[in-house]
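Beneath this line is the structure, given in C-alpha cells, with notes to follow.
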Amino acid sequence: MIQSLRLALKSLAGNRMRAFLTMLGIIIGVVALVVLVSLVNGATSSVTDVMSGLGSDMLEVYIYEDEGDSITLTDLEEWGEEPEIGDISPCINTMGTVKYGSESDSLTLYGTTPGYYEVENMSMALGRFLKTTDVDNSNYVCVINEDMAENLIGYLDCVGEEISIDGMKFTVVGVLEGDSGSLASLFTSGLNAAYIPYTTLLRMSSTVGTDITEFYVSAAPEHTNAEVETLLTNIMMERFDDNEDAFYIYNQDEMEESLSTVTTILSGLLGGIAAISLLVGGIGIMNIMLVTVTERTREIGIRKAIGATRGNILRQFLMEAIVICMIGCAIGIFLSWVILQLATIVAGSLGVAFTMNWRILLIAIAFCFVIGLVFGLYPANRAAKMKPIDALHYNG
C-alpha cells in the first residue's frame, strides 16, 4: 500500500499541471459544498441569536372574541401566579402628540405594566421602568426611548423632565436603551415612543377599549414555551367554552422551528448542487486516468512481465485516482477556510461569523474518497486486465 502511494505521488509529480487541472473539479466541488453550507449555517445562527435577543421565550396571546367574558388586569395577575409563567403583561398602543417646550412631534404611545419590561427583554439607559404602584394609581409617568430623548428633549439624561402627551403632563422616569436588541427597540428605532401605565392610557384615551385583547407572556426559568402554551390554551378554552377560534397563541419557538426547517432544506439543496460538481470532477478524474492507463501501457506490460500481479496494478492506479481526489479535497478545504475568513471580515459589521461545519467537512472528505474509489475503479481495472504480451507490443 505504501509503495502504491509512493508511485502515485511520483506519477502526479511528473505531470503537475495535468494533475492540478484534474483536481480542479474536485476543488471547486469541495469549495462549493463547504462554503455554501457554512454561509447558510452562519447566517441562520446569526438570525437565531437576534431572535433570542428579541425575546424568543415570549408568547403572544390575541383575543378575537371574548364571548362576553372580557379579560382584565386581575385575570392576568391571577394567571401570572402559575408556576409555568414568568411574566405576563398587556400592551395597547395608540398614536399621540408630544410636546416639550416649543418642540412638538408625533409619538407612539404604549400602555402596559411592569411585566412588559422582562417579557420584551428591555434594557434601561437611565432611570427605571414602570412600577406596580404606577399602574394601581394611574400615575402620569412615562418611560421614553433614546430617539425621543435626543430628538425631542435634546439630551439623554432627561429623567425628571416633564413632557406633554395629548395635553396631559407626564414625568419622565426612565429612558430605554436604544440598541438593547429587544423587539420593542427594533420596532421603535428612529421613532418617538413612550410607555405609560396601562390604566393611565385607558383613562386618557377614548379610542382604546377597556377589554384586554392582546397580552404577552414569558416562561418561567424552569419551564418551556410549550408548557406555557399548553397552560394558556387550557385557560382560554375553559374561559371561552372550548371555542378555539376565539383566541390565538403565537409561540416564537414556531418561528425558530420554521427557520430551522428552511435552513435544513436549503443546506440540502446547496449540498446537492455541490455534490453534482464533485461528480463532474469525478468524471474528469476517470477520463484522465483512462488517458494515463493508455500512456503507460508498456510500463504495465513490463511490471507484469517481472511479476506484478493483477492486484498490484489495480491498487496502483486506484491509489492514483484516490490521491488526486484527496489532494484536491485538501486544497478545497483550505480555500474554503480562506473564503469564510474573508466573508467573516466583510460581514463583521453585521455581527455575522462564518465557521466551518465539521460535519460538512467529514462529508466532503468521505465523498471525495468515494469518488476517487468509484471513478478510479474502471481505469484501474482496465489496466489490471491487460495481458503482458499485448501491453509490451503496444506502440501507441
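The values are calculated or read from the model by the stated rules, or taken from the named source; none is laboratory data. It should be emphasised that the depicted structure is a prediction, and the values quoted were computed from it without experimental measurement. In this analysis, Cβ positions are derived from the backbone assuming ideal geometry, glycine residues included, and neighbour counts consider all displayed protein chains. Heads up: the accessible areas ignore ligands, DNA and RNA and are worked out on the full protein's heavy atoms, side chains in. Shrake-Rupley method; radii C 1.70, N 1.55, O 1.52, S 1.80 Å.
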(request) State all residues of segment 117-168 that are hydrophobic (A, V, I, L, M, F, W, C), more than 37 Å from the chain's Cα centre (by Cα) and part of a loop (DSSP other than H, G, I, E, B); if no residue qualifies, say none. (result) CYS158, VAL159
(request) Taking the options ARG296, ARG315, ARG310, ARG303, name whichever one is over 33 Å from the mean Cα position of the chain (by Cα), over 30 Å from ILE88 (Cβ atoms) and surrounded by fewer than 17 Cβ atoms within 10 Å (Cβ to Cβ). (result) ARG310
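Looking only at segment 143-155, decide whether some residue is in contact (Cβ under 8 Å) with a residue 60 or more places away in the chain, surrounded by 18 or more Cβ atoms within 10 Å (Cβ to Cβ) and at negative phi.
Within segment 143-155, the subset in contact (Cβ under 8 Å) with a residue 60 or more places away in the chain is none.
So far as segment 143-155 goes, no, none of its residues is in contact (Cβ under 8 Å) with a residue 60 or more places away in the chain, surrounded by 18 or more Cβ atoms within 10 Å (Cβ to Cβ) and at negative phi.
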(request) Would you check which residues across segment 169-224 are open to solvent by 70 Å² or more (accessible area, probe 1.4 Å) and either at pLDDT 90 or above or of a type in the set (A, V, I, L, M, F, W, C) (or both) and list them? (result) LYS169, LEU186, PHE187, LEU191
(request) Within segment 59-91, track down each residue that is within 34 Å of the chain's Cα centre (by Cα) and in a strand (DSSP E or B). (result) LEU59, GLU60, VAL61, TYR62, ILE63, ILE85, GLY86, ASP87, ILE88, SER89, PRO90, CYS91
(message) Among the residues in segment 231-240, are any at pLDDT 85 or above, over 30 Å from CYS325 (Cα atoms), in a helix (DSSP H, G or I) and open to solvent by 70 Å² or more (accessible area, probe 1.4 Å)?
(response) yes
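So which of ILE331, ILE339, ILE302 is assigned to a helix (DSSP H, G or I), among the hydrophobic types (A, V, I, L, M, F, W, C) and within 17 Å of ARG16 (Cα to Cα)?
On the way: ILE339 fails: within 17 Å of ARG16 (Cα to Cα); ILE302 fails: within 17 Å of ARG16 (Cα to Cα).
Answer to the selection: ILE331.
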(request) Give the residue, chosen from GLU161, GLU118, that is surrounded by 15 or more Cβ atoms within 10 Å (Cβ to Cβ), modelled with pLDDT under 90 and not β-branched (Val, Ile, Thr). (result) GLU118
